[in-house]
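The values are calculated or read from the model by the stated rules, or taken from the named source; none is laboratory data. The structure displayed is predicted, hence computed values, not measured ones. Neighbour counts are summed over all protein chains in view; Cβ atoms, including those assigned to glycine, are modelled from backbone coordinates with ideal geometry. The area values use the complete protein model at the heavy-atom level, side chains included, leaving out ligands, DNA and RNA. Shrake-Rupley method; radii C 1.70, N 1.55, O 1.52, S 1.80 Å.
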Amino acid sequence: MAVAALALAACGKREPQVQAEAPLELTCAAFAGASGESLAARFGAANLSEETLPGSEGDAYQATVVFADERERRLEIVWADAAARKGVRAVAVSGEQSGWHGPAGIALGMSPAEVEAANGPAFPIAGFGWDMGGWASDWKGGVLGYAPCRVAVRFAPRGDYAAAAGEAQFSSDSAEIRAAEPRVMLISLGYFGD
């Protein structure tokens, strides 16, 4: 590579600069008003697929999945009109890690303390060990509560969560949550009225 660069320099030509890929922005504005057609134009029609995904309490739902086989770029979109792929209802990323970054820079794998740093104040997290366990969406006047869509994250415990289990709310900065050592495993943006 160095020899090629020297040869190009000797000829008065510069080696072309490769630009880094732009970060994947999972923001309210990035998907407001999206349609199947606009997603195909943005990501390529070959990169879209339709999947039936598991929901809470044994339910299932239909979603358009972008980059289904690429963990770092996978994205799920739920529509108000699934047949026409119009009216975004929710956009989500899940798993251990992703290249997508949500509002205020939140990302998969973050701890509650890191999400607090992005949000401002501490916030409630639903107790673990049941279908709705680990969800947080009440940002207590913080930055994430002022997004133009509903921002929600779901935490999964990595430690002992016995003291932070069940259908109760626990503050993100509580001893019970710290002991559970949770990390963000899902980021969801909810749209209403599109």
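What do you reckon, is G193 modelled with pLDDT under 95, at positive phi and of a type outside the set (A, V, I, L, M, F, W, C)? Judged against the criteria, G193 is a match. Do we have E167 as over 27 Å from E70 (Cα atoms) and surrounded by 17 or more Cβ atoms within 10 Å (Cβ to Cβ) here? Here the answer is no, as E167 does not meet what is asked. Of the residues making up the range 148-164, those that are open to solvent by 70 Å² or more (accessible area, probe 1.4 Å), among the small types (G, A, S) and assigned to a loop (DSSP other than H, G, I, E, B) number 0.
Collect the residues in the range 177-194 that are open to solvent by less than 70 Å² (accessible area, probe 1.4 Å), of a type outside the set (A, V, I, L, M) and not in a strand (DSSP E or B), keeping them in residue-number order. Selection gives P182, Y191. Of all the listed residues (E70, E116), the sole one being part of a loop (DSSP other than H, G, I, E, B) and open to solvent by 20 Å² or more (accessible area, probe 1.4 Å) is E70.
When the range 43-55 is filtered for residues that are surrounded by 12 or more Cβ atoms within 10 Å (Cβ to Cβ) and more than 17 Å from A80 (Cβ to Cβ), the ones remaining, listed by number, are F43, N47, L48, S49, E51.
Within the set M185, M132, the sole residue that is modelled with pLDDT under 95, under 27 Å from E25 (Cα atoms) and aliphatic (A, V, I, L, M) turns out to be M132.
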